[in-house]
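The values are calculated or read from the model by the stated rules, or taken from the named source; none is laboratory data. Note that the coordinates shown come from a computational prediction; the quantities given were computed from them, not determined experimentally. Here the Cβ is made from the backbone with ideal geometry for all residues, glycine too, and neighbour counts use every protein chain on show.
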Amino acid sequence: MALYSEKVMDHFINPRNVGQIENADGVGEVGNARCGDIMKIFLKINKDGIIEDVKFNTFGCASAIASSSMATEMIKGQPVSKALELTNKAVVEALDGLPAIKIHCSVLAEEAVKAAVKDYYDKNSIEYDKELFKENSCEHCNIE
């Protein structure tokens, strides 16, 4: 059995939504250079609260890039509230699985999306439940 699914390899070799958005409405960066994975998500959100564009920059392995790519595909065109429902489990399932040792990449993708939404909320003085947003401490690699 191959280490990575065809979908993981496709999103690694042909990542979707790579890049930056100038004057993004929300930007979220998570990860830690010491563990090797850093993800940055950029959101462009229209007046109706729909994510009309999303881009990412990821420094990391194939699983990190594929997770970022898939997460952006899953939230593009969705309301911000729907993006907040994105889970790492949903990303893993959409990629047809990840090796157990690489699950943290999908967790980072979920955290990056949430961090970008939090930034959008903060920039626009939108009230939110603080429990939805936990500070990233790169727990998967035990680095503070």
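So here's what we get for this one:
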{"read-out": "Residue tally, condition over 12 Å from the mean Cα position of the chain (by Cα), over 19 Å from residue 21 (Cβ atoms) and outside any loop (DSSP other than H, G, I, E, B), over the stretch 99-122", "value": "4"}
{"read-out": "Matching residues, the stretch 43-94, being surrounded by fewer than 23 Cβ atoms within 10 Å (Cβ to Cβ), small (Gly, Ala, Ser) and farther than 18 Å from residue 119 by Cβ", "value": "60, 62, 77, 90, 94"}
{"read-out": "Matching residues in the stretch 9-57 - criterion: being modelled with pLDDT under 95, at positive phi and in contact with a Ser or Thr (Cβ under 9 Å, 6 or more places away or on another chain)", "value": "31"}
